[in-house]
Amino acid sequence: MSFRLRRSALYVPGSNQRALAKAAGLAADALILDLEDAVLPGAKPAARDQVLEALAAPPGRQERVVRVNGLDTAWGADDLRALARSGADALLLPKIDDADMVEAAGSLLEASGAPDDLALWVMAETPGGVLDIRQIAAASRRLAVIVMGTNDLARALRMPAAATLDGLETARSLCVLAARAEGLDILDGVFGDLEDAAGLRASCQQGRRLGFDGKTLIHPSQIPVANEMFGVSAEEAALATEIIAAWEAAAREGSGVAVVRGRMVEQLHADEARRLLALHQATTEEK
């Protein structure tokens, strides 16, 4: 089973040359080199040049993603043209309201000579985008990942900051459903309090319960918790191995049902156990 680890995706300001240089040595599974929210308007062209320079370095283990500016801004089209053949693994499209916006970005990339393996990620961070997320998720063959923009979404919904964890559960679940329906990965939104370690862990726990593959992060100190919480522990791997063995033994005897630790096991449980073991193996091999 082949897939990319996306337990942790760290936003890195494209205007911060020191942060760009340091990011390659971090343990995040993905780096989101940001040209949008983290960069002031006057600094955007220079930030784009710095990101292009960073992408010129040989790629390592990390997935390198660039969050571009929206096509409705003065910089968005130039971002896509400049980055189409930059060596990035993916481009992240912000403020997506409908499928037409994804299709327009895809068309511009094709016209700019983007290779077939350049993926698109999309932000789910507007009310319209969440309501149309199934159509958005099916809008391009390049689409690989949905990223929750919980801060922007909460602000658009006029929610108090303290309510974000629980108040956006419906929106986050709708996006998870759309991602799974279209075979995409999905990453949860950021946790903003750098001094609240328990809150970060709780946010990761809830995200995993909802079905997210990983979490977007705003500081390197958050990477170990996200990698742990969205990874597979040795105990989980042991249980998965037990489930697979029990189901395969039952299947050899002509039964589609087994019992493991008092719980019924069917093929769907064995399939999920295999996915968890593949994830555990991938995290073990990276160490």
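The values are calculated or read from the model by the stated rules, or taken from the named source; none is laboratory data. These figures come from a predicted structure and were not determined experimentally. Methodologically, a virtual Cβ is constructed for each residue, glycine included, from the backbone with ideal geometry; neighbour enumeration extends over all protein chains shown.
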> Just checking, how many residues over segment 173-201 are within 26 Å of Gln281 (Cα to Cα) and either at pLDDT below 95 or not assigned by TED's automatic domain parsing to the domain that holds Glu36 (or both)?
Replying inline: 0
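Against the condition without any contact (Cβ under 8 Å) to a residue 24 or more places away in the chain, surrounded by 15 or more Cβ atoms within 10 Å (Cβ to Cβ) and outside the structural domain of Glu169 (by TED's automatic domain parsing), how does Ala282 come out, does it pass?
Working: without any contact (Cβ under 8 Å) to a residue 24 or more places away in the chain: no; surrounded by 15 or more Cβ atoms within 10 Å (Cβ to Cβ): yes; outside the structural domain of Glu169 (by TED's automatic domain parsing): yes.
Considered against the rule, which asks whether it is without any contact (Cβ under 8 Å) to a residue 24 or more places away in the chain, surrounded by 15 or more Cβ atoms within 10 Å (Cβ to Cβ) and outside the structural domain of Glu169 (by TED's automatic domain parsing), Ala282 comes out as no.
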>> Testing Ala54 on (1) at pLDDT below 95; (2) assigned to a helix (DSSP H, G or I), one condition comes back false. Which one is that?
In response: (1)
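Confirm whether Met159 is of a type in the set (A, V, I, L, M), at negative phi and surrounded by 18 or more Cβ atoms within 10 Å (Cβ to Cβ).
When the stated conditions are applied, Met159 does not pass them.
Yes or no, residue by residue, for (1) touching a helix residue (DSSP H, G or I) at 6+ places or on another chain (Cβ under 7 Å); (2) touching a residue at least 40 places away in the same chain (Cβ under 8 Å); (3) closer than 17 Å to Gly149 by Cβ:
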residue	(1), (2), (3)
Val12	yes, no, yes
Ala19	no, no, no
Val65	no, yes, yes
Thr73	no, no, yes
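Would you kindly identify the helices (runs of 4 or more DSSP H) lying entirely within segment 172-287 that contain at least 3 residues that are within 30 Å of Ala119 (Cα to Cα)? Let's see the steps before the verdict.
On the way: elements: 197-210, 223-229, 234-252, 267-286.
Of the helices (runs of 4 or more DSSP H) lying wholly inside segment 172-287, those with at least 3 residues that are within 30 Å of Ala119 (Cα to Cα) span 197-210, 223-229, 267-286.
Out of Glu242, Glu236, Glu248, Glu266, report the one residue that is within 27 Å of Ala28 (Cα to Cα) and of a type outside the set (Lys, Arg). Before you say what the answer is, go through the steps one by one.
Values: Glu242 fails: within 27 Å of Ala28 (Cα to Cα); Glu248 fails: within 27 Å of Ala28 (Cα to Cα); Glu266 fails: within 27 Å of Ala28 (Cα to Cα).
Going through Glu242, Glu236, Glu248, Glu266 in turn, the sole match is Glu236.
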>> Pairs please, first residue from segment 38-63 and among the polar types (S, T, N, Q), second anywhere and assigned to a helix (DSSP H, G or I), Cβ atoms under 7 Å, 6+ apart in sequence or on different chains.
In response: Gln50/Gln17; Gln50/Leu20
> What are the residues in segment 40-53 that are over 21 Å from the mean Cα position of the chain (by Cα), of a type in the set (A, V, I, L, M) and surrounded by 20 or more Cβ atoms within 10 Å (Cβ to Cβ), if any?
Replying inline: Ala47
> Taking segment 162-200, which residues are among the charged types (D, E, K, R) and exposed (fewer than 15 other Cβ atoms within 10 Å of the Cβ)?
Replying inline: Asp166, Glu169, Arg180, Asp193, Glu195, Asp196
> Condition test on Thr126, is it touching a helix residue (DSSP H, G or I) at 6+ places or on another chain (Cβ under 9 Å), modelled with pLDDT under 95 and buried (at least 16 other Cβ atoms within 10 Å of the Cβ)?
Replying inline: no
